[in-house]
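**Student:** Sharing a structure here in structure tokens format.
The values are calculated or read from the model by the stated rules, or taken from the named source; none is laboratory data. Computed from a predicted structure; not experimentally measured. For neighbour counting, all protein chains shown are included, and Cβ atoms are generated from backbone atoms with ideal geometry for every residue, glycine included. Heads up: the accessible areas ignore ligands, DNA and RNA and are worked out on the full protein's heavy atoms, side chains in. Shrake-Rupley method; radii C 1.70, N 1.55, O 1.52, S 1.80 Å.
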Amino acid sequence: MSDLVVRRIGRLTTWATPRITDAAVVIAAGRVSWVGADADLPAGLGDVPELDAAGAAVMPGFVDCHTHLVWAGHRRDDLVGRLAGGDYSPAGIASTVAATRAASDAELMRSGGERIATMRRNGTTTVEIKSGYELTLRGELRTLDVIADLAASQQVRVQSTYLGAHVVPDGRDRGEYVDEVIASLPEARRHQAAWCDVFCDTGAFSVSEAERVLRAAADLGMGLRLHADQLGHTGGAQLAARLGCASADHLDFVTPADAAALAAAGVVGVLVPAASLYTGSNRWSHAAVLREAGVPLAIATDCNPGTAWCESMPYAVQLACLAMGLGVDEALEAATAGGARALRRADVGHLGVGACGDLVVLATDHEADVVARLGAPAVAQAVIGGVVQ
């Protein structure tokens, strides 16, 4: 954490105040202590380092609330097969499981660190990371330890999620495996998993299986998340509403009734448009269903090897606008404050006084260019806790 003054901001988006032009931000001890017009900068700040935004737009750092970025191996054969006319199946996860099990801790740290570094260059300052690519008690705990080590060694803020219930491993009895996941929850909690997630969908886990796992996790004080209704309408969204999950993610097959239940329960709907593109499903209309019901929205990359190898939140925002129909401010807020709501973090995703000093200086003088300029770097500089990256 550090002190910093960011000056000569052309357009400042805080989500806590109306947009400010010709602005400045003061960060003290890693947190926002003042925002306003540059001409009104408080006197007596002392010898504080300054970052000159040179007229660029500034906004909160992106909060990527759904990723699977610890893995080994590749899934390029899956992608090539889909592009040749094949369909996506969760069974492809097995190849990643085999490669991840065979990888050393050092290999997972290296590749995970590289992905986080790419995310940081693209403006991500907080990221959620799930386990789920080892599917044994020892292996899943190892992944949680790698996530904890990444959290300690990388500059971004990391939230850890236990996804032992990703798919049923090859050769395992599904009932026994669900029992094993439930029995492993106390250990996962001790290995710093703040959240529990389940892939509740066609080819993965049923609503009743997911409910058993999540209720057990809630009894241990873990937060709840849910992969829901991505591959078919299985009732996952209704389960997320019934349990009061922090988020329900994907939701490609959500119905108006499902969306109404999510809105009433205050569950954040996490859109992962890169997965809709990458898998070839091209399902976009669920964003409008969620919006019309009043479901609070978040946007995430879903960074993973098989269905969304994407480390760029600006790209996810572009897809949310151009394919799903979100407005620019709506998408940018979903990718920052919305992600924070999905992680139940009141201290990130905005630049109100008291928030973490996490912001991005854009490579443009207007935030709309994040969407308008395809294929170009959107972020010139990231600041995390007052530290220029």
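**Student:** Given N residues in segment 88-130, what is Rg(Cα) / (2.2 N^0.38 Å)? It would help to have the intermediate numbers written out before the result.
**Tutor:** Details: Rg = 12.9 Å, N = 43, 2.2 N^0.38 = 9.2 Å.
Output field value: 1.41.
**Student:** On the Cα set of segment 256-389, report Rg and Dmax in Å, please.
**Tutor:** Calculated on Cα positions, Rg and Dmax stand at 15.1, 45 Å.
**Student:** In a Debye calculation with equal point scatterers on the alpha-carbon sites of segment 296-355 and no solvent, what is log10 I(q)/I(0) at q = 0.23 Å⁻¹?
**Tutor:** -0.92
**Student:** If you count the DSSP beta bridges with both ends in the chain, what percent of them are antiparallel, to the nearest 5?
**Tutor:** The answer is about 45 percent antiparallel.
**Student:** Share of segment 76-214's accessible area from carbon and sulfur, percent, 1.4 Å? Numbers along the way, then the final one.
**Tutor:** Details: 2840 of 5720 Å².
With neighbouring chains kept in place, the figure for segment 76-214 is 50 percent.
**Student:** Using Cα pairs closer than 8 Å and at least 6 residues apart in sequence, work out the relative contact order for segment 194-324, in percent. List each step's numbers first, then the result.
**Tutor:** Values: 266 pairs, mean separation 23.5, N = 131.
Relative contact order here is 18 percent.
**Student:** Tell me what the chain gives for mean residue ellipticity at 222 nm when only DSSP H runs of n ≥ 4 count, each as -39,500 (n - 2.57), the sum divided by the residue total, rounded to 500 deg cm²/dmol.
**Tutor:** Values: 14 runs with 138 residues, N = 389.
Value at 222 nm, helices only, nearest 500: -10500 deg cm²/dmol.
**Student:** What's the Kirkwood radius of the chain in Å, using all Cα pairs? Before the final figure, lay out the partial values.
**Tutor:** Values: mean 1/r = 0.0476 Å⁻¹.
Evaluated over the chain, this radius sits at 21.0 Å.
**Student:** What is the ratio of the Cα radius of gyration of segment 1-50 to 2.2 N^0.38 Å, with N the residue count, to two decimals?
**Tutor:** Numbers: Rg = 10.4 Å, N = 50, 2.2 N^0.38 = 9.7 Å.
Cα Rg divided by the expected 2.2 N^0.38 Å: 1.07.
**Student:** Assuming a viscosity of 0.692 mPa s and a temperature of 37 °C, what translational diffusion coefficient in µm² per second does Stokes-Einstein assign to segment 252-327, Rh being the Kirkwood radius over Cα pairs?
**Tutor:** Working: Rh = 12.5 Å.
Diffusion coefficient, whole number: 263 µm²/s.
**Student:** Can I ask one more? Taking only C-alpha pairs under 8 Å that are 6+ residues apart, what is the relative contact order of the chain in percent?
**Tutor:** Numbers: 952 pairs, mean separation 83.7, N = 389.
Answer for the chain is 22 percent.
**Student:** Next question. Using a ≥ b ≥ c from the Cα gyration tensor of segment 150-281 (square roots of the eigenvalues), is it rounded, prolate or oblate, where a/c under 1.5 gives rounded and otherwise the larger of a/b and b/c decides, a/b for prolate?
**Tutor:** Values: a/c = 1.39, a/b = 1.20, b/c = 1.15.
Taking the square roots of the gyration eigenvalues as a ≥ b ≥ c, segment 150-281 is rounded.
**Student:** Quick one: putting +1 on the C-beta of Lys and Arg, -1 on the C-beta of Asp and Glu, what dipole do you get for segment 172-241 around its Cα centre, in Debye to the nearest 20?
**Tutor:** Working: 7 positive and 11 negative charges, 42 e Å.
I would put it at about 200 debye.
**Student:** Can you give the alpha-carbon Rg of segment 42-167 over 2.2 N^0.38 Å, where N counts its residues? It would help to have the intermediate numbers written out before the result.
**Tutor:** Details: Rg = 18.6 Å, N = 126, 2.2 N^0.38 = 13.8 Å.
Rg over 2.2 N^0.38 Å, computed on Cα atoms: 1.35.
**Student:** Is there a quick way to get the dipole size of the chain? I mean about its Cα centre, with the Cβ of Lys and Arg at +1 and of Asp and Glu at -1; what is the value in debye to the nearest 20?
**Tutor:** So the dipole magnitude of the chain works out to roughly 60 debye.
**Student:** Please report, in cubic angstrom per residue, the volume enclosed by the convex hull of the alpha-carbon atoms of segment 122-204. Show your work: numbers first, answer last.
**Tutor:** Working: hull volume 8.3 nm³, N = 83.
About 100 Å³ per residue, rounded to a whole number.
**Student:** Equivalent ellipsoid semi-axes for segment 156-211, as square roots of 5 times the alpha carbon gyration tensor eigenvalues: give them largest first, rounded to whole Å.
**Tutor:** Here the semi-axes work out to 21, 13, 10 Å.
**Student:** Placing one identical point scatterer on every Cα of segment 106-151 and ignoring solvent, what is log10 I(q)/I(0) from the Debye formula at q = 0.13, 0.25, 0.34 Å⁻¹?
**Tutor:** With no solvent term, the Cα-only Debye profile gives -0.30, -0.92, -1.26.
**Student:** When you take every Cα atom in segment 49-103, what is the radius of gyration, and what is Dmax, the widest Cα pair distance, in Å?
**Tutor:** Computed over the Cα atoms of segment 49-103, radius of gyration and Dmax are 19.3, 55 Å.
**Student:** I'd like the distance separating the alpha-carbon centroids of segment 281-308 and segment 247-273, in whole Å.
**Tutor:** About 9 Å separates the Cα centre of segment 281-308 from the one of segment 247-273.
**Student:** Mind checking the per residue accessible area of segment 93-209 for me, 1.4 Å probe, whole number of Å²?
**Tutor:** Working: 4370 Å² over 117 residues.
Here the per-residue accessible area is 37 Å².
**Student:** While we're on this one: Ignoring any ligand, DNA or RNA, what whole percent of the accessible area of segment 15-68 comes from carbon and sulfur when the probe is 1.4 angstrom? Spell out each step's value before the answer.
**Tutor:** On the way: 1180 of 2260 Å².
Carbon-and-sulfur percentage of accessible area, whole number: 53.
**Student:** Using only the Cα atoms of segment 1-112, what are the Rg and Dmax in Å?
**Tutor:** 22.8, 65
**Student:** With contacts defined as alpha carbon pairs under 8 Å and 6 or more residues apart, what's the relative contact order of segment 258-313 in percent?
**Tutor:** On the way: 76 pairs, mean separation 23.2, N = 56.
Normalised by residue count, the contact order of segment 258-313 is 41 percent.
**Student:** Counting every Cα pair in segment 30-71, what percent are over 15 Å apart?
**Tutor:** Numbers: 550 of 861 pairs.
When all Cα pairs of segment 30-71 are counted, 64 percent exceed 15 Å.
**Student:** How large is Rg over Rh for segment 312-389, taking Rg from the Cα atoms and Rh as the Kirkwood inverse mean of 1/r across Cα pairs?
**Tutor:** Numbers: Rg = 12.7 Å, Rh = 13.1 Å.
Answer for segment 312-389: 0.97.
**Student:** Now, a different point. Kirkwood Rh and Cα-based Rg: tell me the resulting Rg over Rh for segment 226-294, rounded to two decimals. Walk me through the numbers before you get to the answer.
**Tutor:** Values: Rg = 10.7 Å, Rh = 11.5 Å.
Ratio value, two decimals: 0.93.
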